[in-house]
Amino acid sequence: MTYAYLFKYIIIGDTGVGKSCLLLQFTDKRFQPVHDLTIGVEFGARMVNIDGKQIKLQIWDTAGQESFRSITRSYYRGAAGALLVYDITRRETFNHLTSWLEDARQHSSSNMVIMLIGNKSDLESRRDVKREEGEAFAREHGLIFMETSAKTACNVEEAFINTAKEIYRKIQQGLFDVHNEANGIKIGPQQCISTSAGPSTAQRNSGDIESNSGCC
Amino acid sequence: MESAERGQAARDRVPRIDPYGFERPEDFDYAAYEEFFSTYLVILTRRAIKWSKLLKGSNSIQKSMTDMNRTFPDNVKFRKSADPCLQKTLYNVLLAYGHHNRGVGYCQGMNFIAGYLILITKNEEESFWLLDALVGRILPDYYSPEMLGLKTDQEVLGELVRTKLPAVAALMDGHGVLWTLVVSRWFICLFVDILPVETVLRIWDCLFNEGSKIIFRVALTLIKQHQAFILEATSFADICEKFKEITKGSFVTECHTFMQKIFSEPGSLSMTTIARLRESCRAKLLAQG
């Protein structure tokens, strides 16, 4: 299927917070109560529609255990969006956010859009981290924030799509160089730049458009 | 005579039939055997004490083992409702191992390996020693916090492919696919959940016998056999998908033929070559930081 853009995402966070379950809910619309452990990195994809544009999300789901960080770091590079996930029923997963964020910022493009996700919102009775704490953390570090439930699918769709919207907005503002794949964005095959990009991008990157329009 | 008396005394103490069911021969040297066994018993006791001590101890390792229930959710023997439930056995083996080898502790992936060992040996303590043979001796530094040995071996595979199957290496380079992305699970889980059970067990037999080189033989065989198929890939995602596909089907199910192939298909693979590549890849990784 053709698409205007491909955005690369990475899902990070402690082990057992529900990274793979969020991905499974988003790509397959189902929930697996006991998900196999993710070893290294897994991979999923889905098409979404932003502003009438087909956008392909290519999502990298990483292993959460500390040992694997030295491996998963190599995937940060070239991601346009990151979902940083903690478990609202386990405070230590919230406490580790700073270290995850440092890692992400250090190894990714500065424009990467980061969505903070407090997962397992269906387990209200076992809640250990207040919603307000998540919001405050996100505000302080310039992240978007949502609470989700991979089990009930609550906000899962929104989390992935809002991240895409923000990336798309940044493209339109010309903050992303869409021709540099290291930014985690790829223009779809057989896409004409002038129709796929927003007007402001067209202005800023007019030079590139000239050189690329020949292949459309 | 004194030695004859000792012999008779030992004969009175040592049963005529050994613990394995064999009748002892007429000329069996009871005195020597009794002497050997008194020494050996000390070793067995020491190991038993070590084992029971390993199951106790600090809880820092227990903390990292929160994900045990995610080992083989599709295996009935690992379900909570199973009796006996192998989750508990698995927990003991890994806890003991974490205490035994503190430099490694518990690293995800080891649970799958220990899980298989338990399914096969049906014995906690034996699984522990076999896990130690793999993690502590056979595999070079796969599960330590920086996983340097693992990263090294993934690069070594990349180099071997570059020499033996240059077209595949060129495809990977062209699309910027890192080897770690497509093969990390092969190495970390030693093909558990990647290849069929019988095939994994045959590979492990060779692994215990011949060492970590076998992993490269298996990987190279899989890639070589499906070279044309892999080369059809036209994108990054395609390549990842193809590497999943090549671990399925009759080629890997027919484990006996598969094992014969791993010794012929990849061609010569000397330990000298592996050692040299490991050295250079490790140096490169260390330089990258």
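Observations on the structure shown:
- Normalised per residue, the volume of the convex hull around the Cα set of the range A:90-164 (Å³): 87
- Whichever aspartates and glutamates have a C-alpha closer than 17 Å to that of residue B:164, once near sequence neighbours (fewer than 8 apart) are set aside: B:153, B:155, B:173, B:265
- Eligible lysines near residue A:165 by straight Cα distance, threshold 23 Å, same-chain separation 8 or greater: A:8, A:19, A:29, A:53, A:56, A:186
- By the beta-carbon count within 10 Å of each Cβ, the least crowded to most crowded order of B:127, B:52, B:212, A:67, fewest first, is B:52, B:212, A:67, B:127.
- Shielding score for A:38-48, defined as the mean number of other chain Cβ atoms within 10 Å: 5
- Counting only aspartates and glutamates at least 8 places from residue B:56 when in the same chain, those with an alpha carbon closer than 19 Å to its own are B:124, B:125, B:126, B:132.
- Globularity ratio of chain A, using Cα Rg and 2.2 N^0.38 Å: 1.03
- Cα-Cα separations in chain B greater than 27 Å, expressed as whole percent: 53
- DSSP loop GluC sites (Glu not before Pro) with at most 15 other Cβ within 10 Å excluded, longest remaining stretch of chain B: B:27-145
- Protection proxy ranking of B:8-15, A:138-145, by the mean of other Cβ atoms within 10 Å over each peptide's residues and highest first, is A:138-145, B:8-15.
- Cα-centred dipole magnitude for the range B:1-55, charges only on beta-carbon of K, R (+1) and D, E (-1), debye, nearest 20: 620
- For residue A:122, the shell of other residues with beta-carbons less than 12 Å away shows a net charge of +1, using +1 for Lys and Arg and -1 for Asp and Glu.
- In order along the range A:175-184, phi translates into HN-Hα couplings of 7, 9, 8, 6, 8, 9, 5, 5, 8, x Hz, rounded to whole numbers, per the Karplus curve 6.51 cos²θ - 1.76 cosθ + 1.60 with θ = phi - 60° and x for Gly and Pro.
- Peptides ranked, highest mean first, by Cβ atoms within 10 Å: ranges A:154-161, B:110-117: B:110-117, A:154-161
- Crossing angle, helix B:179-188 versus chain B [Cα axis fit, 0-90 degrees, rounded to tens]: 10
- Loop-located chymotrypsin sites (Phe, Trp or Tyr not before Pro) in the range B:22-70, at most 13 other Cβ atoms within 10 Å (DSSP): B:22
- Legend: ranking of residues A:8, A:19, B:261 from fewest to most surrounding C-beta atoms inside 10 Å; resulting order B:261, A:8, A:19.
- Largest GNM mean-square fluctuation across A:94, A:137, A:176, computed for chain A with C-alpha springs under 10 Å, falls on A:137.
- Per-residue shielding of A:67-74, expressed as the average number of other chain Cβ atoms within 10 Å of the residue Cβ, stands at 6.
- Listed residue (B:149, B:4, B:84) projecting farthest to the positive dipole end of chain B, Cβ model: B:149
- Taking the centroid of alpha carbons for each part, the range B:98-156 and the range A:104-131 are 32 Å apart.
- For the range B:16-54, trypsin sites (Lys or Arg not before Pro) are listed when DSSP marks them as loop and at most 15 other Cβ atoms sit within 10 Å of their Cβ; the list is B:16.
- Scaled against 2.2 N^0.38 Å for its residue count N, the alpha carbon radius of gyration of the range B:59-138 is 1.00.
- Net +/- balance of residues flanking residue B:279 in space, Cβ distance below 13 Å, scoring K and R +1, D and E -1: +1
- Residue with peak Gaussian network fluctuation, chain B [Cα springs, cutoff 10 Å], from B:165, B:90, B:190: B:165
- With Rh defined as the Kirkwood radius, the inverse of the mean 1/r over Cα pairs, the Rg/Rh of the protein assembly as shown is 1.07.
- Between the listed residues A:32, A:15, A:45, the Cα displaced farthest toward the positive end of the dipole of the range A:1-64, a dipole computed from Cβ unit charges relative to the Cα centre, is found at A:45.
- Nearest 10 degrees, 0 to 90: helix B:197-210 Cα axis against chain B principal axis: 70
Read-outs throughout are calculated quantities, based only on the coordinates presented, and are distinct from any laboratory measurement. Keep in mind the model is a prediction, meaning the values are calculated, not measured. All Cβ positions, even for glycine, are placed from backbone atoms using ideal geometry, and neighbour counts span all protein chains on display.
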